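This report concerns only the one structure given below.
The values are calculated or read from the model by the stated rules, or taken from the named source; none is laboratory data. Here the structure is a predicted model, which means the values were calculated and not measured. We place every Cβ from the backbone using ideal geometry, glycine too, and count neighbours over all the protein chains shown. We work out accessible area using only protein heavy atoms, side chains counted, and drop any ligands, DNA or RNA first. Shrake-Rupley method; radii C 1.70, N 1.55, O 1.52, S 1.80 Å.
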Number of protein chains: 2
Amino acid sequence: MINVNETHDPNLKSWIESANTSDTNFPIQNLPFCVFTRACTYENVRVGVAIGDFVLDIYSCYECCLFDDESFTIAVSADNYCLDHSVMKKNKDLQRAFRRRLVEILSETADEETRKNVQRNLIPMSEVQFYMPAHIGDYTDFYCSIFHATNVGSMFRPDNPLLPNYKYVPIGYHGRASSVVISGTEIVRPKGQNRSDDGKPPEYVPCKNLDYEMEVGFFVGKCNELGETVSIEDAEEHIFGLCLVNDWSARDVQAWEYQPLGPFLAKSFATSISPFVVTMEALAPFRVPAFERETGDPQPLDYLSSEQNEKNGGFDINLEVYLQTQKMRDENAEPFLLSRSNMKDLYWTVGQMLTHHASNGCNLQTGDLIATGTVSGEGKDERGCLLELTWRGKEPIQLPNGEERRFLEDGDEVIMKGFCEREGFRRIGFGECRGAILPSDS
Amino acid sequence: MINVNETHDPNLKSWIESANTSDTNFPIQNLPFCVFTRACTYENVRVGVAIGDFVLDIYSCYECCLFDDESFTIAVSADNYCLDHSVMKKNKDLQRAFRRRLVEILSETADEETRKNVQRNLIPMSEVQFYMPAHIGDYTDFYCSIFHATNVGSMFRPDNPLLPNYKYVPIGYHGRASSVVISGTEIVRPKGQNRSDDGKPPEYVPCKNLDYEMEVGFFVGKCNELGETVSIEDAEEHIFGLCLVNDWSARDVQAWEYQPLGPFLAKSFATSISPFVVTMEALAPFRVPAFERETGDPQPLDYLSSEQNEKNGGFDINLEVYLQTQKMRDENAEPFLLSRSNMKDLYWTVGQMLTHHASNGCNLQTGDLIATGTVSGEGKDERGCLLELTWRGKEPIQLPNGEERRFLEDGDEVIMKGFCEREGFRRIGFGECRGAILPSDS
């Protein structure tokens, strides 16, 4: 299933110079999809592909006859305003063929006429506004980091941090689809019920413990019908690509509301995603074995188990979270690195998440977003949210300019980054997922 | 806000005779919306209104110039294939004016030409196939029956049946929108992880404790933007109408998976809804005071509290659940009444649910479905699911033909009904929400 081929060759170069620098997120080996408009125009949103410092307008390329094959026509022509209406819903063979064609027209072996044709459909990324890459029918959030689950569990249940189901069930819950927003959208501090004093009634006040969660999301490509399951062997055929996710969380609201039905308003005020969907094909060189279970841990049940998943189900994706406060911006100080973690540390794979999700016959639809839950590692500096980093606020973070943080304050901006690096391969970047906190309207 | 007017006059009669019988669900005082096609045709789905034994095709009426007012044109003309693209998203003034116009053309005072015009757009309900009334962007399920919460709580936490947040927070969770299906859709018994023996690993097997939940749902009409809240005074302006909901539940899966993030696969395999959306306007005569709190119970926090809500926030809607097993069908036996409950017994009102849902700035969109959670009353025969009725299976139900049930078996059909009755007013019916269980494909 995982096929590292000529499209991953590190010697492959683009005639677009900015795609060949060593630090670009978007070499010709990446080619992530996005949805965009040219800023300050009234053009409709359209599907694009990132290459170096540019976005390639896919529909215009199609109009210029650059995808002159009937199968590509089907992929890009109709209703081409979001990915779930175009290439995302197609089968993997077509998606792979389309990737090869994109490489052809962007590589330095492309002829002059092709280059000219492509050139007129390249828009500098600085002139582009990004939109949601797909219509997200349903958004699901998992809880796949055993380090995160253990940390959070030990704060709330010191005797019994990890519940007995954790190593059998990829724990997840339904999130709110309507409030998933694109990177850059400002986040209004939510209000909610806060009960800080057990002796008094709760109050409806602006959230006091506002947090982020560093996650990775994946978009469902091929759908399954209601009542149908998806085998672990087929799971990745249903996954189109990955993005970064910030699952904003109101911790005080969450602590008070979450029993017995789980998080609700603590999460549904906003979830931010990065604009680029990095395809499963681009990530092929960065696949790693599934998380190594400890001696004595149960093996996954049969329906969640395959040799391929064991061998290659993981992803080696570096994740970084930065914070820039209002004061830091005023002082022109660089964003401060809060944590580094890696997707390979997740207990469950994307294939297991998808197969489990559909294991009751639930229909997953093209464009659905499924996120991993907070990606935390074992180390203290690998914790993917402030709840863990400051241990519920007990150990505030000291910022270089003298400020400290237990949770997020108004004006704070959280910046998430993701990238893959491996000897012998080009760097594959996810870009950024950003969001700044606005005060509550109280 | 609640206005019982001439459209509720019990003496108002329709020239369509079947709308005037005492037992019809759909007198001229009701006029619920639906989405349908004529069975066995290739026509597109379209919006309709139920009247007696017929469905009135709204778009065809518009084409026949029966809604010759510009405001109605806006309500019914564009993209008229589901309610959220037409009258549902309009403001209440227009919805009320549209109701008055429908009453005009259907009442016995309508002139001959109008009747003729209407007549050609009436389709016998027996020739109609119903579809989802709206595109449900997000589906949310609450937990509003204190009797249900107390019963279920006392099974799992005998010492502490009702959690401390219950009387402050309208508890809810995000459900799965993609698997909400229309009444009549057959439900495949889901598979899932079952751990019946603590000493052994769980098994992935067909659900052993399959259940229904008798609920009422409401559709969001007017939307609110992300970051905006909706005051309790305005809440009902955002509600279009109500329907019946069966929140199918896999109890064995639920017990094993639900901690700490709430129900997930135990619910997401299917949720059935009745095809008719009974408008808030039709239900005006059946509004009752909000649930009477016991002495010592906390008052709702300010943001969930208003005089109007206190006085008229409830609904007097009778709910009935029937079961018909395969054997009963084979023997031509009538469906067996399992329970009767009433929506007026809910601890929280629809206004409180909506205001709470948006209280963190979560954007509720036209077509979103919000359900009450199981509607149980105080009495043993008022319990809205088998979990409660059979007390986790310990007290099986004896059926008249000698069968017994702890949970649902393959071939069982669950039939839910809802209706309002009040001296001096016509009966307003919700129709039925039906679903039969198919065996797992195991």
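With the full set of protein chains in place, find how many percent of the accessible area of the protein assembly as shown is carbon and sulfur; take the probe as 1.4 Å.
In the protein assembly as shown, the share of accessible area belonging to carbon and sulfur is 45 percent.
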Q) Do you know which residues of the range A:288-331 lose at least 10 square angstrom of accessible area in the protein assembly compared with their chain on its own, with a 1.4 angstrom probe? A) A:L301, A:Y303
Q: Count, for each residue of A:188-197, the Cβ atoms from other chains sitting within 10 Å of its Cβ, then give me the mean as a whole number.
A: 4
Q: Loop only per DSSP, at most 15 neighbouring Cβ atoms within 10 Å: give me the trypsin sites (Lys or Arg not before Pro) in the range B:386-418, ordered by residue number.
A: B:K394
Q | Calculated log₁₀ intensity ratio I(q)/I(0) where the Debye formula runs over C-alpha points of the protein assembly as shown, q = 0.07, 0.08, 0.10 Å⁻¹ | A | -0.57, -0.75, -1.16
Q: Using a cut-off of 13 Å between beta-carbons, work out the net charge of the residues near B:D247 (Lys and Arg +1, Asp and Glu -1, B:D247 not included).
A: -1
Q | Percent antiparallel among DSSP beta bridges (both partners in the protein assembly as shown, rounded to 5) | A | 90
Q: List the equivalent ellipsoid semi-axes of chain B in whole Å, largest first, each obtained as the square root of 5λ for an eigenvalue λ of the Cα gyration tensor.
A: 36, 26, 20
Q | Among B:356-367, A:153-164, A:300-311, the order from most to least packed when residues are scored by Cβ within 10 Å on average | A | B:356-367, A:300-311, A:153-164
(Q) At 7 angstrom along the Cα-to-beta-carbon line, where would the label on B:Y204 sit relative to the other copies? Give the distances in nm, shortest first. (A) 4.4
Q | Formal net charge of residues neighbouring A:N30 (Cβ-Cβ distance under 12 Å; K, R +1; D, E -1) | A | +2
Q) For the charge dipole of the range A:139-438, defined by +1 on Lys and Arg C-beta atoms and -1 on Asp and Glu C-beta atoms about the Cα centroid, which residue among A:Y168, A:F156, A:V230 has the Cα displaced farthest towards the positive pole? A) A:F156
Q | Per the axis that maps chain B onto chain A, nearest residue of B (Cβ criterion) and its distance in Å | A | B:G262, 1
Q: Provide a list, ordered by number, of residues in the range A:216-250 showing at least 50 Å² less accessible area with every protein chain present than when their chain is taken on its own, using a 1.4 Å probe.
A: A:L226
(Q) Run lengths n ≥ 4 of DSSP H only: what is the helix-derived mean residue ellipticity at 222 nm for chain A, with -39500 (n - 2.57) per run over all residues, to the nearest 500? (A) -4500 deg cm²/dmol
Q) Once Lys and Arg get +1 and Asp and Glu get -1 on their Cβ, which of A:H135, A:N5, A:Y322 lies farthest toward the positive end of the dipole of chain A? A) A:Y322
Q: Filter the GluC sites (Glu not before Pro) in the range B:330-436 to those in DSSP coil with at most 14 other Cβ atoms within 10 Å of their Cβ, and list the result.
A: B:E331, B:E378, B:E421, B:E423
**Q.** Estimated buried accessible area (total), pair B and A, 1.4 Å, Å² to nearest 100
**A.** 5300
Q. For B:I397 and B:S196, what is the calculated FRET efficiency with R₀ set at 22 Å and r taken between the beta-carbons, to the nearest 0.05?
A. 0.55
(Q) With +1 on the Cβ of every Lys and Arg and -1 on the Cβ of every Asp and Glu, and nothing else charged, how large is the dipole of the range B:201-250 about its Cα centre, in debye rounded to the nearest 20? (A) 300
Q. Looking only at Cα atoms, what is the convex hull volume of the range B:6-131 per residue, in Å³?
A. 101
**Q.** For the range A:139-438: relative contact order, % (alpha-carbon pairs under 8 angstrom, 6 or more apart)
**A.** 28
Q) Of A:K200/B:K344; B:K92/B:K344; A:K380/B:K200, which ones are farther than 27 Å apart at the Cα? A) A:K200/B:K344; A:K380/B:K200
Q) In debye, nearest 20: dipole of the range A:139-438 around its Cα centre with unit charges on the Cβ of K, R (+) and D, E (-)? A) 500
Q: Normalising by the residue count of the range B:6-131, find the relative contact order in percent from Cα pairs under 8 Å and 6+ residues apart.
A: 30
Q | Shielding by other protein chains, A:164-172, mean Cβ within 10 Å | A | 6
Q: Would you kindly work out, in nm and rounded to one decimal, the distances from the label point of A:R293 to those of the same position in each other copy, ordered shortest first, with label points 7 Å along Cα-to-Cβ?
A: 5.0
Q. If the label for A:Q259 sits 7 angstrom from Cα along the Cα-to-Cβ line, what are its distances to the same label in every other copy, in nm to one decimal, shortest first?
A. 1.0
Q) In nm, to one decimal, how far is the modelled label at B:N160 from the one at A:R157, with both set 7 Å along Cα→Cβ? A) 1.2
Q: Kindly sort A:D247, A:D198 by accessible area of their heavy atoms, largest first, with the probe set to 1.4 Å.
A: A:D198, A:D247
Q.
Can you tally the net charge around B:N11? Count Lys and Arg as +1, Asp and Glu as -1, for every other residue whose Cβ sits under 12 Å from the Cβ of B:N11.
A. -1
Q | Amide N proximity, the range A:111-152 versus A:V288 label position 7 Å along Cα-to-Cβ, cut-off under 20 Å | A | A:143-151
Q. What dipole magnitude, in Debye to the nearest 20, does the protein assembly as shown give about its Cα centre under +1 on Lys/Arg Cβ and -1 on Asp/Glu Cβ?
A. 560
Q: Given a cut-off of 22 Å, name the pairs among B:K13/B:K311; B:K191/B:K267; B:K167/B:K267 whose C-alpha atoms lie farther apart than that in the structure shown.
A: B:K13/B:K311; B:K167/B:K267
(Q) Using a probe radius of 1.4 Å on heavy atoms only, what accessible surface per residue do you get for the range A:107-174? Whole Å² is fine. (A) 42
